[in-house]
Amino acid sequence: GRLLVMCFLPDQGIIAAAETLDEQADRFEQINVEFLIVGSDACLHHQLWQDRERRHRATVLADPCHRVHRMFGIASDSAASRCFTVLLDEEGIVRLRWRHHFSNSDLQAIRDLIVLNRLSVGETGEVWAAYAGSQREFLSV
């Protein structure tokens, strides 16, 4: 398995250009991490893909009924202005929850945490388990 970063975009205020999403997907792919965009407004986010001629690398999941949002305890408040990102380890355990802006610097910080964990213990993920203890998350910002 691979690490999975799920970035939940708010309904309003963020319509990232398809190129930006592809760029982020490429950056996570470089460190062997899957990057998934989750949007509750299916029409707005999927319009980006329909208007393009080439195939995109970023995966967008439509969640108009907010089921995935609820699975991860994320409010699907349409007034929210920031993203909510969840990092799942290879076993599907949530290791990081982070509310942030959809910006290169904020997403780079998530990649840096992943790389630092791997430098500490390699690909095995023992540091995630050490931080988690009996909880399913080690950090909530």
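The values are calculated or read from the model by the stated rules, or taken from the named source; none is laboratory data. Being a predicted model, the structure only gives us computed values, none of them experimental. With ideal geometry, Cβ positions are generated from the backbone for all residues, glycine too; neighbour counts draw on all protein chains shown.
Scanning segment 58-112 for residues that are of a type in the set (D, E, K, R) and surrounded by fewer than 18 Cβ atoms within 10 Å (Cβ to Cβ) turns up 67, 70, 77, 82, 90, 91, 99, 106, 111, 112.
Tell me, yes or no, whether segment 111-119 has at least one residue that is part of a strand (DSSP E or B), in contact (Cβ under 8 Å) with a residue 12 or more places away in the chain and under 12 Å from the mean Cα position of the chain (by Cα). Checked against the condition, which is being part of a strand (DSSP E or B), in contact (Cβ under 8 Å) with a residue 12 or more places away in the chain and under 12 Å from the mean Cα position of the chain (by Cα), segment 111-119 yields no hits at all. Look at segment 71-86: where a residue is under 21 Å from residue 2 (Cβ atoms) and a partner is charged (D, E, K, R) and at pLDDT 85 or above, sitting 6+ places away or on another chain with Cβ atoms under 7 Å, you get 84/99; 86/97.
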